[in-house]
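First comes the structure, then the notes that go with it.
Nothing in this text is a laboratory measurement; each read-out follows from the coordinates by a stated rule. Keep in mind that what you see is a predicted model, and the values were worked out from it rather than measured. Note that each Cβ is placed from the backbone with ideal geometry, even for glycine, and that neighbours are counted across all protein chains shown.
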Amino acid sequence: MGPQLTEILDIKYPIIMAPMFLVSNVAMVKEAMEEGIAGCIPALNYRTLPELQEAIKELKVAKPQGGSFGFNLIVNKSNVKYKEQLALLCEEGCDFIITSLGSPEETIREAHKYGIKVFCDVTDLAYAKKVTELGADAVIAVNNQAGGHRGEMSPEQLIKEIKANCNIPVISAGGVGTKAHVDEMFKYGAAGVSVGSPFIASQEAGVTQEYKQACVDYGKKDIVMTEKISGTPCTVINTPYVQKIGTKATWLETVLNKNKKLKKWVKMLRFYLGMKATENAALKATYKTVWVAGPSIEYTHEILPVKNIVRRLTR
C-alpha cells in the first residue's frame, strides 16, 4: 500500500491545495490548513525575496497542529530566481516543495538536508522513474484532466502505470472536483490528490471577481488548450476573447521555436510575455482575458470560502 499523503504530511485529509500562478496566497493556505488539508503557493507569486520570506513567516506562525504548507519551484532556466528561492525556503523552512519544469536533483539534495519533503511534477512514467532515482519523496502525477500545463494520460492510466513501476507515493493531479473523485483516485492507487481549479472561485483567492465568476459560469466543455500563453499547450476557459485570438501559435512563433539558436531565447521571452498576459487577465478586469482553469470547474456553482470547498471534497 505504501504511505498515504496524510502520513507523509501529517494532515487530516489526503489533499494538497495545488499551487496556482497568481491565484494561490497565504489567506487561502491558512484556511486550507485549518480545514485539515495541505496548501501550496508558487514561489513566483512573490516578486521579491523579502515578500516570499514574509509569506513563509506568516504561514509558520499560522500553522495549526497537524497543518502543512509548501511552495512550488520552477526549477529550469526560465526561472532566474530559482537558486535564491530554494536557498530561502531551506533557510526559513517549510513542509514540502513541489518542483516543476526541469531537473529536481539540486532541490531534492538541498531540501533533504533541512528535512523538507520534495514532490515532483511528472506527466509520464519515464520522468517518474528519473525523479524516483533522484530520491523524490512522491510524484505529482499530472494527468489529462489537470488545469494549466497538463499531461496526456488519463488519471487511471497514469496512476496505475507509475504505481506498477516505481516504489514512490503517487499524488494525482487533475480531474478532482468532488469527494467521489477523491475516492476514485484512491481506488486507482493514489496516496493523495492535488486540487487546483475548484479553489479559483474562492472568496480568499486574490484574482478578479470576473475570473472567479467565469469559473462559475463556464464548465468542462468550455476548457480548451492554447499555445498562446507560454508556447507549451495550456488549458484556458474558452471566452469570446480566446475565440477571437485563436489558440494556435502564429507562423512566426512556430519558425522561431524551430530555430535551435533562437529557441532558448524565444522560450524565455514567451514565458515572460505569457506570464505577463496571465497576470493581466488574473489581476486586471479587461476584455483581454485569458483565464487558466481545468475541467473540474464543472463542479463550481458559486464563489465560496475555501473552507466550504474543502468540505465538498472531504465530506
Dimensionless Rg/Rh of region 1-156, both radii on Cα and Rh by Kirkwood, sits at 0.93
With only helices counted (DSSP H, runs n ≥ 4, each -39500 (n - 2.57)), the per-residue ellipticity at 222 nm for the chain, to the nearest 500, works out to -12500 deg cm²/dmol
Diffing region 24-32: the Karplus 3J(HN,Hα) column from phi (6.51, -1.76, 1.60, θ = phi - 60°), in whole Hz with x for Gly and Pro, holds 5, 8, 4, 4, 5, 5, 4, 4, 4
The size of the Cβ-based charge dipole (Lys, Arg +1; Asp, Glu -1) of the chain about the Cα centre, to the nearest 20 debye, is 1020
Interchain or sequence-distant (5+) residues whose placed amide H lies within less than 5 Å of the amide H of Ser68 are Gly39
So, over other residues within a Cβ distance under 11 Å of Ala191, counting Lys, Arg +1 and Asp, Glu -1, the net charge is -1
With the 8 Å Cα cutoff and a minimum separation of six or more residues, the chain has a relative contact order in percent of 18
Listed by chain and number, the residues whose amide H is under 5 Å from that of Thr99, excluding neighbours fewer than 5 places away on the same chain and using placed H, are Leu73, Phe119, Cys120, Asp121
Karplus ³J(HN,Hα) for region 300-315 (6.51 cos²θ - 1.76 cosθ + 1.60, θ = phi - 60°; Hz, whole; x = Gly/Pro) runs 9, 10, 7, 7, 10, x, 3, 4, 5, 5, 4, 5, 5, 8, 10, 10
